[in-house]
1. Would you please list the contacts, defined by Cβ atoms under 6 Å and residues six or more apart or on different chains, that run from a residue in the stretch B:93-120 that is over 19 Å from B:T150 (Cα atoms) and part of a helix (DSSP H, G or I) to a residue that is modelled with pLDDT under 95 and of a type in the set (V, I, T)?
2. Count, please, the residues in the stretch B:83-92 that happen to be over 20 Å from B:G54 (Cβ atoms) and assigned to a loop (DSSP other than H, G, I, E, B).
3. Consider the stretch B:20-61. How many of its residues are among the polar types (S, T, N, Q) and in contact with a Gly (Cβ under 8 Å, 6 or more places away or on another chain)?
4. Helices (runs of 4 or more DSSP H) wholly in the stretch A:146-261 with at least 1 residues that are within 21 Å of A:Y70 (Cβ to Cβ) and among the charged types (D, E, K, R) - which ones?
5. If I filter the stretch A:152-171 for residues that are surrounded by fewer than 17 Cβ atoms within 10 Å (Cβ to Cβ), more than 14 Å from every other protein chain (Cβ to nearest Cβ), free of Cβ contacts under 8 Å to residues at least 60 places away in the same chain and not aliphatic (A, V, I, L, M), do I get at least one hit?
6. Provide a single number: the residues in the stretch B:83-99 that are touching a strand residue (DSSP E or B) at 6+ places or on another chain (Cβ under 7 Å) and either more than 11 Å from chain A (Cβ to nearest Cβ) or hydroxyl-bearing (S, T, Y) (or both).
7. If you check B:V232, B:V180, which single one turns out to be of a type in the set (V, I, T) and under 18 Å from B:G56 (Cβ atoms)?
8. How about the stretch B:121-141: which of its residues are away from every other protein chain (no Cβ under 12 Å), touching a Leu at 6+ places or on another chain (Cβ under 9 Å) and either in a loop (DSSP other than H, G, I, E, B) or crowded, with 17+ Cβ neighbours inside 10 Å (or both)?
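The values are calculated or read from the model by the stated rules, or taken from the named source; none is laboratory data. Predicted, not measured: the structure shown is a model, and the values here were computed from it. Glycine also receives a Cβ, built like all others from the backbone with ideal geometry; neighbour counts cover every protein chain displayed.
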Amino acid sequence: MTVPRLARKAFMLLGLPIILVAVWWVASAGSTSPFWPPLQTILETFPATWTWDRIVQDVMPSLARLGIGYGLAVVIGVAAGTAIGLMPRLRALSEPVLEFFRAVPPPVLVPIIALFAGYTGWLGKIITIALGCLWPILLNTVEGVRGLEPVLGDTAKSYHLSPWRRLVFVVLPGASPRIFAGARQALSIGVILMVISELFGANRGLGAAIVQFQRSFAIPQMWTGIILLGLIGVVLAALFKAVENRMLAWYVGQRQIERGE
Amino acid sequence: MSFTRPLTASLEDRAAASSTPQDVALDLRGVQKTYDTPGRPQVEAIRHLEFQIGRGELVCVVGPSGAGKTTLLRSIAGLLDLTAGEVVLDGATVTGPPQGMAVVFQEYGRSLFPWMTVRQNVELPLKEKGIGKAERRDKVDRALAEVGLTEATEQHPWQLSGGMQQRVAIARAIAFEPTVLLMDEPFAAVDAQTRAELEDLVRSLWKHLGVTVLFVTHDIDEAVYLGERVIVLSNRPTVLMEDVRVDLPAERDQLTTRSDARFGELRGHVYALIQKAKAGERPDQPVPDEEA
């Protein structure tokens, strides 16, 4: 890549964020409102607020719960989705139930889950995240498996591929574009639920910290928490994209050729 | 019996094998197929088909469009349950995809696994057979060389042209070392020049490997050029119109064979049969009255 093209790419990537930050900086510069502190003040507060101790005590546990809950959702969602997608009877049986659960907004489950799994421990929070992330992954996996090219199924049959090989080499790769689409949706739901699960009766965690700052009128600190949350979202999305680009390279390439790009 | 035999059986073997008339590779006995989906009108696709294919023969099946060619092929491949009758491969009734059979589908672009490289595509069925790594590699290399694909083996199928993709599908089929190779209008979607090349490839593979080939096509020229016999099907519900013996020399090439007077006669004959079939004439029924 030549230098001008690199610069262009960097501008495309960072241009809008830089403009937005600049607008925020200028617009909030002289603010005296306690709820709307100048960006300069927020940024000055940042290092003192997010010390190593706080990162270990609050950020890491939140991310760990997100990781566990999201991981569970991926494993369960892909496994159950594949089974449902492959078995028409099971699908007919489970479809109404799935549609019902999908329509329930995950945050309303927080108080219910807390009743069974406790308000303060990890379990309730992990269940909340996993349940919220499960549906998009599960339903997309079902669709991906169902939408598999029938000729590929015939090919697998006529070459006597064992059920295991069919699953690993045919069904899962074939459904992977849809699985990734579901997993991407689930990731943003997971970040939201990571925060929401801590709003009720938790005293440690990124979400809990933001609420505590707000309740103790530590407004600039609260803002730093929100910024940190946004940055975590950006990093997670980038990580996701990197994994997706690697796993779906064939799909991206095939689509480019089909579209004549 | 012989899906373990070497990739290249000698011509003598094949000649010896096919000299006995009872050595039948594929036997269709009273095959009948009616699609009976609840909630939809019944469709009688194949009424009655009965023919045999000798070991090492190359037989083409042609018929008017909608003659149930694909239904027939899928039945033989064990991908479809018959309503009545049976398909016997190497003495055993076909109840599911049989061991000694490989299929090359019409939709080459959709029968290859796009997430695998060319090599992995050819190799996958061999893994299933439990062949060791070194031997697998060797077989894949030979199959790819047979179809003229020695480069591009680490590319993905969608990076190749249509003709090349169909070569990959053929390589996968012959690496499997079937006794019977089924081909379902494999060249319907490639351009005329590529098609001629692929036809010659099929002829040369057939001679070289001693495999029995059943080649389904809608193209009359292709059927006569390739086949030792051409089985002409009626319109739906399908019965056999005629089993045409192609008495052209064994050595065929695009230029001389196609300008051969006998080729023209055979082509004309099959063409006339197809026209009759299209008009609704069937051997199992009297000719329908014109404007009755």
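1. Note: pairs meeting the criteria are B:R110/A:V151; B:S111/A:V151; B:S111/A:T155.
2. First, the residues of the stretch B:83-92 that are over 20 Å from B:G54 (Cβ atoms): B:83-84.
Then keep just the ones that are assigned to a loop (DSSP other than H, G, I, E, B); that gives B:83.
Qualifying residue count for the region: 1.
3. 1
4. A:172-196, A:219-247
5. No, that holds for no residue.
6. 10
7. After ruling out the rest, the residue left standing is B:V180.
8. B:R136, B:K139, B:V140
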